[in-house]
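Structure record follows, encoded as structure tokens.
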Amino acid sequence: MKLRLPFLILLLTLVMNTFTAAQSPEEFARVWDETHISSKPASDVRLADLKVYLEKLRGMGVKIQEVGRSYGNREIYQAEWGTGPLRILMWSQMHGDEPTATSALVDMLAFLQTNQEKIEWVKKLHESITLRVVPMLNPDGAEVYQRRNLQWIDINRDAQDLKTPEGLLLKQLRDEFVPDIGFNLHNQQELTLVGRSFDQATISLLAVSGRKDNSSYPGFEKNKRICSLIIQALGKFIPGHIARYDDSYNAQAFGDNISAWGSPVILIETGGYHGKDELFLIRLNFVAFLTALQSLVDGSWENADPAIYESLPFNSSGRVFNLIFRNAEVMIPSTPEKTFTADIGINRERRRAQFIAPVYVREIGDLSAYKGLEEIDVSAYYVVPKEGLLRPGTLGSFLFYKKSRTVEWGSENLEKDFPPDGVYVFGKWLKPLE
Ligand SMILES: [Zn+2]
């Protein structure tokens, strides 16, 4: 049988498409599930763990180099991938307790390296861009899980002063490379919300102009379009949970300065998503990074609608708690005749996944204008603060007694003599309510 020419062309087109077709956000997510090399919650990763990841990448053929030392003399590394003219610089964990992107960058590099001969767009990307990645710019902060470096300076307020070795290094790396685009990667408080809604801002984005008046220029406009594509991609996983980061100009911050120095920056802030763990957040970052990179090589950023980014609601905060006990009849055992009914808002501190996070009372009273990521109606119980007092700042640990019970509140050892019907300590139910 003779094959007709139109059929051949059709066949050829189909074959070509399988090699050149863009990968969807869902495919990126699936690829992450199957291939990621980060192996623990991002918050548990210290420099020693990062070194293990980087050794793996080096073994795969990624160029890894120590480029400097922190104030505490810890190594700071830079990875390089690609040989093309478009220069991209991505850095993470300038704030030591903001770890998500570090793991995602490692997984991204592993994906790019593995597929630079296998997937057509990655191959093209390798020829089109030179990508430099600084994962964990603040290894001292990461070691003790604090925002600042070991001089107790916030590196992100040191872009002009350059008194921190980490900030100075970032400036030097920027100046010698002169990237066309920078990615500044952070975490924000998990209780950050989208606009006036009660939805957590799981990802917040900002195309940083670097100009006080936010006036337009090509690199800035390009980044807005890339942000729009990231929003569309992540919308498949977290619809309604994406916001715009507050874009007020900060003369001491790196995002603004690096943009002003000629490398317009995209800021990505990772927040929280109630009920999902840190791996979910790493995966979102992975999808965001690859979506951005793919758009640069297939040119899809040019067709993206900047209005998708521009119309995104801004971040807001202060209207949600990790937990609200509703209608608590507060019983202070030393003054049992003075009970009162109030809502109690409780928040969890930011800690590594491997540690128990302390929880503190943050608000007491009528919290009807607020929401809790979790809310429990406790109107059937007397609620006894374990510390014996209830104020903003006291530990969020409570004993619960059914109102139908007779309890001698003044008894020497209340918890032992009258075993409570519920015990909530360190953010956990040691004895759950029925
Ligand atoms: Zn930060």
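The values are calculated or read from the model by the stated rules, or taken from the named source; none is laboratory data. Remember, it's a predicted structure, so these values are computed and weren't measured experimentally. Counting neighbours? That spans all protein chains shown, and the Cβs are built from the backbone with ideal geometry, glycine included.
Condition test on Trp32, is it surrounded by 14 or more Cβ atoms within 10 Å (Cβ to Cβ), of a type outside the set (Asp, Glu) and touching a Phe, Trp or Tyr at 6+ places or on another chain (Cβ under 6 Å)? So Trp32 passes the test. Here Gln151 meets the list (1) part of a helix (DSSP H, G or I); (2) in contact (Cβ under 8 Å) with a residue 40 or more places away in the chain almost entirely, failing just condition (1).
On the basis of being closer than 21 Å to Gly262 by Cβ and either among the basic types (Lys, Arg) or assigned by TED's automatic domain parsing to the domain that holds Leu168 (or both), does Leu86 make the cut? So that I can check it myself, show each step before the final result.
On the way: closer than 21 Å to Gly262 by Cβ: yes; either among the basic types (Lys, Arg) or assigned by TED's automatic domain parsing to the domain that holds Leu168 (or both): yes.
Yes, satisfied.
Quick one: is Val361 out of contact with any Phe, Trp or Tyr (no Cβ under 9 Å at 6 or more places or on another chain) and buried (at least 18 other Cβ atoms within 10 Å of the Cβ)?
Numbers: out of contact with any Phe, Trp or Tyr (no Cβ under 9 Å at 6 or more places or on another chain): yes; buried (at least 18 other Cβ atoms within 10 Å of the Cβ): yes.
So Val361 fits the description; yes.
When Glu434 is tested against the conditions (1) assigned to a strand (DSSP E or B); (2) more than 30 Å from Asp199 (Cβ to Cβ); (3) out of contact with any Pro (no Cβ under 6 Å at 6 or more places or on another chain), the lone failure is (1). Just so you know, in segment 158-202 the residues that are within 16 Å of the ligand (Cβ to nearest atom) and small (Gly, Ala, Ser) include one that is nearest to Asn315 (Cα to Cα), and it is Ala201.
Flag: Leu173 does not match the condition of being surrounded by fewer than 24 Cβ atoms within 10 Å (Cβ to Cβ), touching a Leu at 6+ places or on another chain (Cβ under 6 Å) and either assigned to a helix (DSSP H, G or I) or without any contact (Cβ under 8 Å) to a residue 12 or more places away in the chain (or both). Of all the listed residues (Ile308, Ile344), the sole one being aliphatic (A, V, I, L, M) and assigned by TED's automatic domain parsing to the domain that holds Glu278 is Ile308. Screening segment 246-267 for residues that are in a loop (DSSP other than H, G, I, E, B) and within 23 Å of Thr202 (Cβ to Cβ) and picking the one that is modelled with the highest pLDDT gives Ala253.
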